[in-house]
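Student: This is the structure I want to talk about, given as structure tokens.
The values are calculated or read from the model by the stated rules, or taken from the named source; none is laboratory data. For clarity, every value in this text was computed on a predicted model and none was experimentally measured. Virtual Cβ from ideal backbone geometry, glycine too; neighbours counted across all protein chains shown.
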């Protein structure tokens, strides 16, 4: 039996399929809203825009490392070749983002960036091929939505050069999104694909929560230390005023 096409309903039953589609649309809308808000903040400042682009370069660099490892470990020649082609695309994306980030930083008198570097987490081996494909599909879908949103935002701001950078990559993201789902359906079938995609959604939410948790932890630490200094300052001044000993400069050894 042939697997369903990538945009087919992967749920059994009309009610379940409609519910899944509504959830999928809501998630896409939330991703677009977050990307729009983040883009408004990032692209308002050349330095923040350069930081964002360099962050994309690091992400693409890590993706190509994961895909190269997947190509080495996969026992199916056809799928291995597909992972390798995807890795080459990610390497090209990383280079494009890194060059644009460096040029933007230099154009505004800021220091450039080092070559984007990343570490391979060994996701293909750790997750297994089905969950790896679900992870890739979710990441490519998220990237495609973000790139589309940034391109529209930058066009509205009149920054056609940066908009073109994202538009040039959208076709690749769409292709990666489609092939990863197609391979997942071939390996897992409809039910297994639904389970893997639900896992990928949970994993993405957990990773986002951890990233924001680390950022929030740094902010809370700074606020806590500031509060400690404010609370202890009067006691420190009182101790200094009441402590015996010379004031000011002293000639004593």
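Results for (1) surrounded by 13 or more Cβ atoms within 10 Å (Cβ to Cβ); (2) under 21 Å from residue 38 (Cα atoms), shown as yes or no for each residue.
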residue	(1), (2)
105	yes, yes
111	no, no
115	no, no
129	yes, no
140	yes, yes
148	yes, yes
152	yes, yes
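Student: Could you look through segment 164-178, keep only residues that are crowded, with 19+ Cβ neighbours inside 10 Å and over 22 Å from residue 200 (Cβ atoms), and pick out the one that is nearest to the chain's Cα centre (by Cα)?
Tutor: Restricting to residues being crowded, with 19+ Cβ neighbours inside 10 Å and over 22 Å from residue 200 (Cβ atoms), the top hit is 166.
Student: Could you tell me whether residue 96 is modelled with pLDDT of 95 or more and touching a helix residue (DSSP H, G or I) at 6+ places or on another chain (Cβ under 8 Å)?
Tutor: Yes.
Student: Taking segment 154-163 as the region of interest, how many residues are modelled with pLDDT of 95 or more and surrounded by 16 or more Cβ atoms within 10 Å (Cβ to Cβ)?
Tutor: 2
Student: Could you list all residues from segment 74-87 that are over 19 Å from residue 137 (Cα atoms) and either modelled with pLDDT under 95 or assigned to a helix (DSSP H, G or I) (or both)?
Tutor: Within segment 74-87, 77 is the sole residue that qualifies.
Student: Of all residues being outside any helix (DSSP H, G or I) and closer than 25 Å to residue 179 by Cα in segment 101-149, which is modelled with the lowest pLDDT? Just the residue, please.
Tutor: 118
Student: In addition: Being at pLDDT 95 or above and more than 18 Å from the chain's Cα centre (by Cα): is that true of residue 90 here?
Tutor: no
Student: Still on this structure: Quick check, is residue 102 touching a residue at least 60 places away in the same chain (Cβ under 8 Å), at negative phi and out of contact with any strand residue (DSSP E or B) (no Cβ under 8 Å at 6 or more places or on another chain)?
Tutor: Taking the combined requirement at face value, the residue does not satisfy it.
Student: Determine, yes or no, whether residue 207 is closer than 21 Å to residue 78 by Cβ and surrounded by fewer than 21 Cβ atoms within 10 Å (Cβ to Cβ).
Tutor: No, not satisfied.
Every residue, every condition in (1) more than 14 Å from residue 63 (Cα to Cα); (2) without any contact (Cβ under 8 Å) to a residue 60 or more places away in the chain; (3) in contact with a helix residue (DSSP H, G or I) (Cβ under 7 Å, 6 or more places away or on another chain), yes or no:
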{"position": "114", "(1), (2), (3)": "yes, yes, no"}
{"position": "120", "(1), (2), (3)": "no, yes, yes"}
{"position": "124", "(1), (2), (3)": "no, yes, yes"}
{"position": "132", "(1), (2), (3)": "no, no, yes"}
{"position": "147", "(1), (2), (3)": "yes, yes, yes"}
{"position": "164", "(1), (2), (3)": "yes, yes, no"}
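Student: Let me ask something else about it. Looking only at segment 47-57, filter to residues that are surrounded by fewer than 19 Cβ atoms within 10 Å (Cβ to Cβ) and touching a residue at least 24 places away in the same chain (Cβ under 8 Å); which one of those is farthest from residue 150 (Cα to Cα)?
Tutor: Selected residue: 47.
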